[in-house]
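Student: Encoded as structure tokens, here's the structure I'll be asking about.
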Amino acid sequence: MRHKRDEKELEIIRSVAANGNDRPVTMLNLNRYVSEAGFPDGDLYRAYMDGLRAFLPNVGGKILWRTPVFGRVVGDQMVHEILAAWYPSHQAFLDLPNAPGAEDNYRLRNEAVEYAAIHRCVGEGYGLGPVT
């Protein structure tokens, strides 16, 4: 997988987790898959999604929703899928690499995902309906 970690953002997440006011967080994943993943019906993609659904509860997380992307109207970022993953805290997100099943999850992710951008979003009190 080709991605660049934003160490400044990770430091902010660590600070939120440590400051005593940690709160739920939703991570919005913009994923482009390798052709071998066979998105959306291929064996590698399904193995990654099945593994992710089984893995996230190890830190109290869950997939809220995911949707294929049909195309883009603005910009040059090409992705296949947007996936919203919810975590009960920023610390839970930070705990992912050491959670049971992490090795298998990250192996499948590295095999299936060509590109990912992950955006940190509000994790509570915000509906996904129209803004009024």
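What follows draws every value from the coordinates through simple rules; no lab data is involved. Quick caveat, the model's predicted, so the values are computed rather than measured. As a convention, Cβ positions derive from the backbone with ideal geometry for all residues, glycine included, and neighbour counts pool all protein chains shown.
Student: Okay, helix-only estimate at 222 nm for the chain: each DSSP H run of n ≥ 4 adds -39500 (n - 2.57), divide by all residues, round to 500 deg cm²/dmol; what do you get?
Tutor: Using -39500 (n - 2.57) per qualifying helix, the result is -9000 deg cm²/dmol.
Student: Pairs of Cα atoms under 8 Å, at least six residues apart: use those to get the relative contact order of the chain, whole percent. It would help to have the intermediate numbers written out before the result.
Tutor: Values: 212 pairs, mean separation 55.8, N = 132.
Relative CO of the chain lands at 42 percent.
Student: Quick check: the angle from helix 102-112's long axis to the longest principal axis of the chain, C-alpha only, nearest 10 degrees?
Tutor: 40
Student: Quote the charge dipole size of the chain about the Cα centre in Debye, to the nearest 20; the model charges only the Cβ of Lys and Arg (+1) and of Asp and Glu (-1). Let's see the in-between values first.
Tutor: Values: 15 positive and 17 negative charges, 50 e Å.
Value, rounded to 20: 240 debye.
Student: Also, quick follow-up: By average Cβ neighbour count within 10 Å, what is the ranking of 5-12, 76-83 from highest down?
Tutor: Top to bottom by mean Cβ count within 10 Å: 76-83, 5-12.
Student: Kindly express, to the nearest 10 degrees and within the range 0 to 90, the angle between helix 7-18's C-alpha long axis and the longest C-alpha principal axis of the chain.
Tutor: 40
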